[in-house]
Structures are given as C-alpha cells and as structure tokens.
Amino acid sequence: MPETIRVRIAVPAECDGWRLDHFLKHRITRLSRTKIQAIVEAQVAFADGRRARPSSAVRAGEVIVLSRPAPVEPDVPRRFDVLLDDPAVLAIDKPAGLPIHTTAKFYRNTLTALLRERYPGQALDVAHRIDRETSGVLLVARGRLAASRLKRAFARRSVAKTYLAIIRGVPDAEDGVIDQPLELLNTPTRIMMGAARTAGGLPAVTRFRVLGRFREHALIEALPETGRQHQIRAHLAGIGHPIAGDKLYGAGERLFMDYCDRGMSPALLAAFDGLTRHALHAHRVTFPHPTTREPTTVESPLPADLRAYLATLAP
C-alpha cells in the first residue's frame with residue numbers, strides 16, 4: 001500500500017473566518033482553485049474531526065490535515081558536511097540540489113528530513129534559507145533558545161552573508177552597490193522577483209566585488225544587506241549580469257517552465273550555460289553565537305562543480 005504523507009497546516013489569526021478553499025489557495029498559490037477544491041474533497045480534514053468542504057469556514061488556531069500519497073521524489077544529494085558542530089548551532093555545507101523543506105515534489109529528500117535521520121530526537125531548527133540550487137553555508141539551531149536568538153539576529157541584520165557567483169558578462173567597475181526595491185512579479189510562475197513598480201516594493205541592497213574576469217563571465221563576491229527572496233539573482237539579472245545557469249532569471253520563465261515540466265534536455269542545458277544548477281554559493285556567514293554572543297564565522301570553499309566550470313571559461 002502506498003505510503004501516505006500527512007501535512008498539518010495551522011490557521012493564523014489573520015485568516016480567521018476564511019473559506020477553506022480560499023485559505024488553501026492562499027497557502028498553496030501554484031494550484032488552481034479548481035484543483036484546490038478537488039483536493040479538499042479527497043485529501044483534507046480538520047484535526048478536530050469536523051468535515052471539510054470547500055466552503056467551510058476556518059478558525060484561527062485550528063489545524064487542517066492534508067493527506068496525500070507520498071510522491072516519487074527526484075534524486076538529490078543526500079550527503080552533507082558539517083562545518084561547525086557545538087551544543088547551540090550546526091553549520092551545514094549544503095550541496096546544490098538539496099531542498100531544505102518539504103514541497104510538492106520533495107518529502108524524504110530534504111535537508112530537514114536528513115537532519116532528523118542524522119540527529120534523531122534532537123530539536124533542530126533551520127535558521128534561514130538558501131535556494132535548492134544554491135550550495136554552501138546554512139545555520140541550524142539546536143534548541144528553542146538558540147533558534148530564537150539566531151532568527152532574531154537575521155531579522156536585525158546582525159548576520160553578514162557573503163556569496164560567490166559566476167555571472168554572465170563582465171562589470172565595468174571593480175565593485176558596486178545595487179539598491180533596488182523588489183516585489184513579487186505577476187507572472188505565470190508566481191515566484192519571480194523583480195524591480196518594484198509599486199509602493200509595496202521591499203527595500204533590497206546588494207554589494208558586489210569582482211574577484212576574477214574572463215572573456216564573457218566574471219567571478220564576483222556578493223554581500224546582500226537585506227534578505228529578500230531571490231535577491232542576489234534578481235539584482236544581478238536586473239543590471240544585465242544574470243548568474244550563469246540561472247534557469248529563471250537567466251534563461252527566462254518559458255524555458256524554466258519547460259524544465260519543470262519535462263526535465264533537462266541537451267537544448268535546455270545549452271540555454272542554461274551548460275550548468276545543471278545556478279552558479280551561486282553561500283561562501284561565508286558571520287553571526288553572533290547564540291550562547292556566547294561572540295562573532296562567529298563559518299566558511300565553505302567554492303565547490304568542485306563551480307571550480308570545474310571556471311576552468312572552462314576563456315580568459
């Protein structure tokens with residue numbers, strides 16, 4: 001019998017009284033309302049036993065249970081190195097391709113699932129996020145107090161993050177600042193960020209410095225001063241230097257959606273600069289240690305796949 005996955009979704013106060021299908025559409029934006037209604041009929045229940053209908057009103061604080069067959073998951077790297085291991089915090093060297101949290105495609109093949117396997121019974125909490133295709137340093141708190149302090153440090157911008165990226169084209173200047181508010185664009189994928197055209201745009205600042213120049217590419221160091229979704233990728237694409245291999249911001253939404261629907265092909269690989277993932281790496285994180293409060297720095301060197309790609313670039 002196929003395994004069933006049960007996902008528990010708590011209703012926040014601001015959604016009190018919403019229709020169930022409207023609430024789920026708000027939480028799972030990629031699905032159509034028709035698909036949401038079908039899911040409600042077949043896979044959704046209230047934790048208190050109340051029958052779920054699309055028109056059912058949800059209540060603040062209650063839990064909705066979504067039960068679905070476990071998906072056949074794409075293969076991902078399941079091994080990760082630990083850069084720092086102490087009683088309060090783990091620093092993980094996340095491989096490219098490993099998602100952090102459960103999604104529609106991934107359940108067992110996630111970092112959170114692998115952490116449960118590797119550290120059974122421990123209260124571990126991922127303190128921030130990096131994209132699935134991004135490699136590098138990721139902080140994981142041990143215990144509620146450490147999680148609270150680390151997340152507060154990120155919220156207060158007390159954490160300094162340094163990324164390495166291989167970009168298309170070569171900037172004229174040795175360094176620069178991209179100060180461009182970002183907003184979620186109204187595009188088919190509903191995940192793409194871009195230059196804000198409304199007052200609702202969020203401030204976003206990225207500093208960069210050129211580390212190496214090639215004929216048609218550059219290796220840069222990027223230091224985001226804010227933490228918006230896809231910030232570095234959107235900012236670099238916005239100045240005409242998208243990250244090599246970026247399926248969304250470098251190749252465009254149509255090719256990105258082709259990849260999502262049909263997987264990689266030789267033609268798509270060529271459109272993605274010959275890279276199976278985007279060339280962005282979380283190189284260094286400096287943070288106030290949750291116990292000692294002392295500045296603590298963790299580094300991950302540029303991984304082998306990106307070093308190999310650099311070696312192919314014409315000087």
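For Leu84, what residues show an amide H to amide H distance below 5 Å, using hydrogens built from the backbone and excluding near sequence neighbours?
For Leu84, the qualifying residues are Ala91.
Identify the residues of the stretch 184-198 with backbone N under 20 Å of a label point that sits 7 angstrom from the Cα of Val177 along the Cα-to-Cβ direction, or state none.
The answer is 195-196, whose backbone nitrogens lie closer than 20 Å to the label point.
Using label points projected 7 Å from each Cα along Cα→Cβ, tell me how many nm separate Tyr119 and Met257, to one decimal.
Inter-label distance under the simple model: 4.0 nm.
For the ranges 45-54, 152-161, 261-270, what's the packing order if you count other beta-carbon atoms within 10 Å of each residue, average per peptide, and put the highest first?
Ranking the peptides 45-54, 152-161, 261-270 by packing returns 152-161, 45-54, 261-270.
Using only helices, what value at 222 nm comes out for the chain when you add -39,500 (n - 2.57) per DSSP H run of length 4 or more and divide by the total residues, to the nearest 500 deg cm²/dmol?
Estimated from H runs of four or more residues: -6500 deg cm²/dmol.
Sequence gap at least 6, Cα distance under 8 Å: using those rules, report the relative contact order of the stretch 1-156 to the nearest whole percent.
Over the stretch 1-156, the number comes to 20 percent.
Please list, in order along the stretch 52-62, the HN-Hα scalar couplings obtained from phi with the Karplus expression 6.51 cos²θ - 1.76 cosθ + 1.60 (θ = phi - 60°), rounded to whole Hz, x for Gly and Pro.
9, 10, x, 8, 4, 7, 8, 10, 4, x, 6
Pull up all non-local amide H partners of Val205: gap of 5 or more, or a different chain, and H-to-H distance under 5 Å with H placed in the peptide plane.
Result for Val205 returns Glu225, Thr226.
Lys and Arg at +1, Asp and Glu at -1: add these up for the other residues within a Cβ distance under 12 Å of Gln37 and post the number.
+3
Determine, from the Cβ-Cβ distance of Glu41 and Asn186 and an R0 of 25 Å, the FRET efficiency 1/(1 + (r/R0)^6), rounded to the nearest 0.05.
Efficiency computed from Cβ-Cβ geometry: 0.30.
Which FRET efficiency value, to the nearest 0.05, is calculated for Asp86 and Thr4 with the Förster distance at 45 angstrom and r the Cβ-Cβ distance?
Efficiency, from the Cβ-Cβ distance: 0.75.
How many percent of the alpha carbon pairs in the stretch 4-69 exceed a separation of 20 Å?
15
Rounded to a whole number of µm²/s, how large is the Stokes-Einstein D of the chain at 10 °C and 1.306 mPa s, given Rh as the Kirkwood radius over C-alpha pairs?
74
Between Ile239, Gly263, Ala173, whose Cα lies farthest towards the positive end of the dipole of the chain when Lys and Arg beta carbons carry +1 and Asp and Glu beta carbons carry -1, centred on the Cα centre?
It is Gly263, whose Cα lies furthest towards the positive end.
Could you work out the relative contact order of the stretch 91-180, using alpha carbon pairs under 8 angstrom and six or more residues apart, expressed as a whole percent?
27
Please tell me the relative contact order of the chain in percent, rounded to the nearest whole number, where contacts are Cα pairs under 8 Å and at least six residues apart.
This gives 15 percent for the chain.
Could you size up the charge dipole of the chain around its Cα centre, putting +1 on the beta carbon of Lys and Arg and -1 on that of Asp and Glu, and report it in debye to the nearest 20?
960
Read-outs: derived from the displayed coordinates by stated rules, not from any lab. Everything numeric here is computed off the predicted structure, so don't read it as measured data. FYI the Cβ positions are ideal-geometry reconstructions off the backbone, even for glycines, and counts take in every protein chain you see.
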